[in-house]
Every structure is written in structure tokens, then in C-alpha cells.
1. Taking N as the number of residues in the chain, what value does Rg over Cα atoms divided by 2.2 N^0.38 Å take?
2. Could you check the simple spin-label distance between Ile31 and Gln84, using points 7 Å along Cα→Cβ, in nm with one decimal?
3. State the volume of the convex hull built on the alpha-carbon positions of segment 10-57, expressed per residue in Å³ and rounded to an integer.
4. Figure the gain on full extension for Thr71 and Gln111 (residue separation times 0.36 nm, minus the Cα-Cα span) and round it to one decimal in nm.
Amino acid sequence: QVQLVESGGGLVQPGGSLRLSCVDSRSVGIIFRAFTMGWYRQAPGKQRELVATITSGGNTIYADSVKGRFTISRDNAEKTVYLQMSSLKAGDTGVYFCNREPGNVWGQGTQVTVSS
């Protein structure tokens with residue numbers, strides 16, 4: 001059974017926006033809030049790379065390539081982590097994966113394609 005379920009991907013034009021969601025379908029809220037959650041992406045022919053993470057305390061880390069354009073947030077009551085993406089570029093194209101630590105738990109990914 002898939003534990004992390006991503007949604008919100010799609011095709012968007014350069015300069016557009018998307019919001020990705022990742023729901024932890026099996027944890028209870030009081031447990032979910034203790035996890036560090038993250039978004040990673042993998043472009044065709046490239047390795048998976050960090051996009052952003054958010055700790056239980058709300059501290060965030062962003063890849064340099066997305067700083068100022070992407071925002072990660074979480075709703076512990078809904079057991080959900082979000083990635084708001086703005087000013088999207090072709091280089092943001094890839095499969096976006098949700099991650100939960102500790103435990104190295106991954107979702108199945110959602111495709112984001114930025115193209116005119």
C-alpha cells in the first residue's frame with residue numbers, strides 16, 4: 001500500500017504556477033508532525049535531486065535553483081506537505097517525489113512538464 005500520495009502535477013507554460021500536494025495516507029497526525037518532509041525531482045537522464053525540505057519545527061531548505069520561486073509548507077492536521085511552484089522554467093521539468101524522514105519513505109511521483 002502506497003503511503004505517500006502525490007498529486008498536482010501537469011503541463012504548464014513557462015512562467016506559470018503549480019501546487020503539488022503529498023498526503024501521508026497511513027500516519028496519524030501526531031506522528032506525522034514529527035517527520036521531516038521533502039520534495040525531490042528527477043529530470044530525464046539525471047539523478048534525483050533535492051528541491052526543498054521542511055522539518056517538524058517548520059525550518060526549510062531549498063535548492064539554489066528554486067529559491068525565491070518555490071515554497072514548501074505543511075498542514076499537520078491534514079498530514080499533507082505542499083510545494084507551491086511559481087515562475088516555472090523548462091528546467092523544472094521532471095518527476096517530483098515526496099519523501100519522509102526518518103524511514104526513507106517515498107511516494108510514486110507526479111510528473112511536472114514546463115513547456116510552451
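Taken together, the values in this text are just the output of simple stated rules run on the coordinates, not laboratory data. What you are looking at is a predicted structure, and each value in this text was computed from that prediction instead of being measured. When we count neighbours, we look across all protein chains shown, and the Cβ atoms used for this are built from the backbone with ideal geometry, even at glycine.
1. So the chain has a normalised radius of gyration of 1.00.
2. Once both label points are built, they end up 3.0 nm from each other.
3. 124
4. Length gained between Thr71 and Gln111: 12.6 nm.
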